[in-house]
Amino acid sequence: MGKSLTRKILESHMVDGRWEPESEIGIKIDHTLTQDATGTMTYLQFEAMGIESIKTGLSVSYVDHNTIQVGFENADDHKYLQTVAARYGIIYSRPGNGICHQVHLERFGRPGKTLLGSDSHTPTGGGIGMIAIGAGGLDVAVAMGGGPFYTICPKVYNIYLTGKLNDWVSAKDVVLKMLEIFTVKGNVGVVLEYTGPGTAALSVPERATITNMGAEMGVTCSIFPSDDETRRFLKAQGREDQWLKLRPDEDAEYDKVVHVELDKIEPLAAAPHSPGNIKTIQEVKGLKVDQVEIGSCTNSSYKDMVTVARILKGRTVHPNVSFGVAPGSRQVIQMMARSGALADLIDAGARIMESACGFCIGNSQSPPGKAVSLRTSNRNFEGRSGTRDAQVYLVSPEVAAAAVITGEVTDPRELGIPCPAVEPPSEFLVDDSMFLGNGRPDISAQIFRGPNIGDPPKNTPLPEQITGEITIKVGDKITTDHIMPAGARLKYRSNIPKYAEFVFENVDSTFSSRCMKNKEKGKYNIIVAGLSYGQGSSREHAALCPMYLGVKAVIAQSFERIHAANLINFGIIPLAFAGEEDYKTISQGDGIEINNIRGQLKKGKEIVLKNKTADVNIPLVCELSERQRGILLAGGLLNYTVR
């Protein structure tokens, strides 16, 4: 049998292990990216490794998350990022240059390369034919130092596309359809590989929209072939020489084949409060809308923005709607300004926001209480918008624009106007002046550290025995936003003692203080959870801050990939209940004990926990590679690497 494109690229980068699905492999990383919310800790960890310069072909530090300067903390972090980038040979993308995934696709994405990013939406790069994977910042730091990135050798699913999208249906609807098929759980260790004649009808930015939201399904990454459409995009970006034709073998073997007919897809929405809660627009039309926000790394390309501008040209925002637009990059906004599209949006009443993550991460444009907000972003977790009781719907730019006009959820096919046809530009405006650095280290560069920046907290080796209590018990689908709030709290990302005060803030505001009391008494803290613990962002602070609070283990019915890896990286044991009913046998506040934990880990995957309060033994499972066992025994990846 032939090979999938995924297998071809991974095997060409494999430095440890072999192609055997569900085994651990180590791959060489060509590119890394960070953003400012995760990048400060990534580079502090990189510094702690004592390496003189990066070992990757390209590493880029983007500033796109906390660009709002409220207080000194964000500005200080940005100055640190700029100076540490100069010291180690990292390209620095200044605030205002755009959202990391959009900009990397435009200026650096290359077919056949591997990309590791400290952001869960790094798989956006799969739209240009990269194996692009989101990971915790410590994994990215190790990759920058030349170390392999370890992951599970994936199962590869062939998403076979046929047909062509109808008018008023877009790439966002395609990926929402995928979420309807695959849901937001149960897809760990899977790569989605898009093939079939339908791929030719999708531009690179459209493909990137689809691969971007693979993160919401929990897959490792998604990828499209590199074909003539890819070549056209790279040529328009002035990078045609970087094009490679890449495709799977005709007889490629896949673990599953799913057929998707593009011409059968209709306008869709993800209803509150999950990207997997899929409804047709026909099901929710007529719902009054208070706010519309267009942008994010999912839908902020030139095509998306111009499509919205053409729909709204000569029209005015509905009086009951607050309307904001955030173009994805400086390139996009420059081209919009020159084409007149920007003026059309301003004339319609749009509030033009910075080319940054902004509303998507809840640090601006929070809707009113109980408001209905239509957004073209990728996550609608409860409270993520900055308003706890807001009702956020994820939609396409076309559906969002229709609501701007009508003030309610509207099927754009019923607007009674021609569907705008926006062809990809034959030439993009290329202006790289907002990138600093030439990729070579400057050992004379002085690294700036403001008072909010501290050293990464250190963990100790795993003890012989874990004695403590179940400090919190939570349910299914706990996201990293539940664990570690974003928005305004992100400014403390470099100050772990302060940021740790807000762990589980929106679930149980007393969690942090209770953890610290246990820690002072010499007791460890244990978290218990249901299915799919750790959905969402790659934010490693959701493991790092609990580690600081003395959390030694998380026991869940199942884990999401990135968060499980982050827990291991910071010396927290991810334990799974052996039986489906065992979750019910343990309660918050129970005293627990795990004896000879080091010996049990070394011996195998079965761990026995004694619930001293209920006087029962609970069997647990810990699925680890030998390398991961070594990391946990050492007290985390930093200890394991620097030894």
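Laboratory data are not the source of any read-out in this text; all were calculated from the coordinates shown. Because the structure is predicted, anything quoted here is derived from the model rather than measured. Cβ sites come from the backbone with ideal geometry, for glycine too, and all protein chains shown count toward neighbours.
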To test your reading of the geometry: what angle, between 0 and 90 degrees and rounded to tens, separates the Cα axis of helix 36-48 from the longest principal axis of the chain?
40
If amide H atoms are modeled at 1.01 Å from N in the peptide plane, then the residues at a separation of 5 or more from R351, or on another chain, having amide H under 5 Å from its own are F323, G324, V325
When the C-alpha atoms of region 268-412 are aligned to their principal axes, what extent does each axis show, in angstrom, from largest down?
39, 27, 24
Could you order the peptides 514-521, 323-330 from most to least packed, using the average number of other C-beta atoms within 10 Å per residue?
323-330, 514-521
Residue exposure sequence - I586, I483 - by fewest surrounding Cβ within 10 Å:
I586, I483
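Given that compact globular proteins tend to follow 2.2 N^0.38 Å, what is the ratio of the alpha-carbon Rg of region 5-264 to that value? Each step should come with its number before you reach the end.
Values: Rg = 18.1 Å, N = 260, 2.2 N^0.38 = 18.2 Å.
Against the empirical 2.2 N^0.38 Å value, I get 1.00 for region 5-264.
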Projecting the Cα atoms of L176, T162, G136 onto the charge dipole of region 120-268, where Lys and Arg contribute +1 and Asp and Glu -1 at Cβ, the residue farthest towards the positive end is G136
Counting only DSSP beta bridges with both partners in region 537-643, the antiparallel fraction in percent, to the nearest 5, comes to 70
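Is there a quick way to get the dipole size of region 268-412? I mean about its Cα centre, with the Cβ of Lys and Arg at +1 and of Asp and Glu at -1; what is the value in debye to the nearest 20? Present the calculation step by step, with values, prior to reporting the outcome.
Values: 15 positive and 12 negative charges, 32 e Å.
Using only the charged Cβ atoms, the result is roughly 160 debye.
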Amide H of V616: which non-local residues (sequence gap of 5 or more, or other chain) have their own amide H closer than 5 Å, using H built in the peptide plane?
N611
Only Cα pairs under 8 Å and at least 6 apart count here; give the relative contact order of the chain as a rounded whole percent.
15
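Starting with the fewest neighbours, write out S203, S587 ranked by other beta-carbon atoms found within 10 Å of each beta-carbon.
On the way: S203 19, S587 12.
Listed from fewest to most nearby Cβ atoms, that is S587, S203.
With charges only on Cβ, +1 for K and R and -1 for D and E, what is the dipole size of region 353-430 about its Cα centre, in debye, rounded to 20?
Working: 6 positive and 9 negative charges, 80 e Å.
It comes to approximately 380 debye.
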Mind running the shape call on region 480-550? Use the C-alpha gyration tensor, a ≥ b ≥ c as the square roots of the eigenvalues: rounded below 1.5 for a/c, prolate if a/b tops b/c, oblate otherwise.
oblate
Just to be sure I understand: of the beta bridges DSSP finds with both ends in region 466-641, what percent are antiparallel, rounded to 5?
45
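For the chain, what is the percent of antiparallel DSSP beta bridges, rounded to the nearest 5?
Details: 29 of 89 bridges.
Within the chain, antiparallel bridges account for around 35 percent of the total.
Using the Cα centre of the chain as the reference point, and only Cβ charges (+1 on K/R, -1 on D/E), how large is the resulting charge dipole? Debye, rounded to the nearest 20. Show your work: numbers first, answer last.
Values: 69 positive and 73 negative charges, 234 e Å.
Dipole of the chain, to the nearest 20 debye: 1120 debye.
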Can you order the peptides 11-22, 236-247, 172-183 by their average number of other Cβ atoms within 10 Å per residue, highest first?
172-183, 236-247, 11-22
Can you tell me which of 566-573, 99-106, 401-408 comes out highest on packing, and rank the rest after it, using the mean Cβ neighbours within 10 Å?
99-106, 566-573, 401-408
Please report how far the C-alpha centroid of region 352-397 lies from that of region 195-252, rounded to the nearest whole angstrom.
28
Go through region 546-563 residue by residue and turn each phi into a ³J(HN,Hα) via Karplus (6.51, -1.76, 1.60, θ = phi - 60°); whole Hz please, and just put x for glycine and proline.
x, 4, 4, 7, x, 6, 10, 7, 10, 10, 9, 6, 6, 10, 8, 4, 5, 5
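What ranking of M353, M1 emerges when the number of other C-beta atoms within 10 Å of each C-beta is taken as an exposure proxy, fewest first? Working shown, then result.
Numbers: M353 18, M1 8.
Listed from fewest to most nearby Cβ atoms, that is M1, M353.
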Charge dipole of the chain about the Cα centre (unit charges at C-beta), most positive-ward option of Q557, Q465, A421:
Q465
Per its Cα gyration tensor (rounded if a/c is under 1.5, else prolate when a/b beats b/c, else oblate), region 1-113 is best filed as prolate
